[in-house]
1. Which log10 I(q)/I(0) values, to two decimals, does the chain give at q = 0.10, 0.17, 0.20 Å⁻¹ under the Debye formula with one point per Cα?
2. Can you give the net charge of the other residues whose Cβ lies under 12 Å from the Cβ of Arg20, counting K and R as +1 and D and E as -1?
3. How large is the charge dipole for the range 1-83, taken about the Cα centre, if only the Cβ atoms of Lys, Arg (+1) and Asp, Glu (-1) carry charge, to the nearest 20 debye?
4. Label the range 53-131 by shape, choosing from rounded, prolate and oblate, from the square roots a ≥ b ≥ c of the eigenvalues of the Cα gyration tensor; if a/c is under 1.5 it is rounded, and otherwise prolate applies when a/b is larger than b/c, oblate when it is not.
5. Averaging sequence separations of C-alpha pairs under 8 Å and six or more residues apart, then dividing by the length of the chain, give the relative contact order as a whole percent.
6. Placing +1 on the Cβ of each Lys and Arg and -1 on the Cβ of each Asp and Glu in the chain, which of Gly96, Leu131, Gln18 has its Cα farthest towards the positive end of the resulting dipole?
7. For the range 1-53, what size does the Cα cloud have along each of its three principal axes, sorted from largest down, in whole Å?
Amino acid sequence: MSDLLERLRGRGWRMTSQRRVVAEVLDGDHVHLTADEVHARAAQRLPEISRATVYNTLGELVTLGEVIEVPTHGRAKRYDPNAHHPHQHLVCSNCGTIRDVHPTGNPLTDLPAEERFGFTVSEVEVTYRGLCPSCA
Ligand SMILES: [Zn+2]
Ligand SMILES: [Zn+2]
């Protein structure tokens, strides 16, 4: 499990039942749900929760830096609660499943000085694409 709920409590995030359900749905290892998936799961626990509330709560968690918005090519964005542990993503080109991965090298420091063009580089995103076991 990720520690999203704990982190939010630690920050004094106002925890209404609706917000808690959204955070609970996101919490967990390797979870990268779309906003619609978050809404569907949240509605199983709290049937009255609206899509707008889910979208607003997700936006707020992203602004707080506690959830990462994972861009996907031509698909719905996915939401990642693993915001404080640097990692890269492995993406299935067929079904869109995303796993967190940790390459053996460090892609940030592996970029040679002559490839930096004078930039101060502070972040890196590497996406590995292929087919997951169910789609292969
Ligand atoms: Zn797949
Ligand atoms: Zn991730």
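1. Here the Debye-derived log intensity ratios amount to -0.39, -0.97, -1.19.
2. Surrounding charge for Arg20 is +2.
3. For this selection, approximately 200 debye.
4. Since a/c reaches 1.5 but b/c is at least a/b, the shape of the range 53-131 is classed as oblate.
5. Reported as a whole number, the value is 21 percent.
6. Of the listed residues, the answer is Gln18.
7. 27, 25, 16
Readers should treat all values here as calculations from the given coordinates under stated rules, not as data from a laboratory. All values derive from a computational prediction rather than experimental measurement. Backbone-built Cβ (ideal geometry, glycine too); neighbour counts: all protein chains shown.
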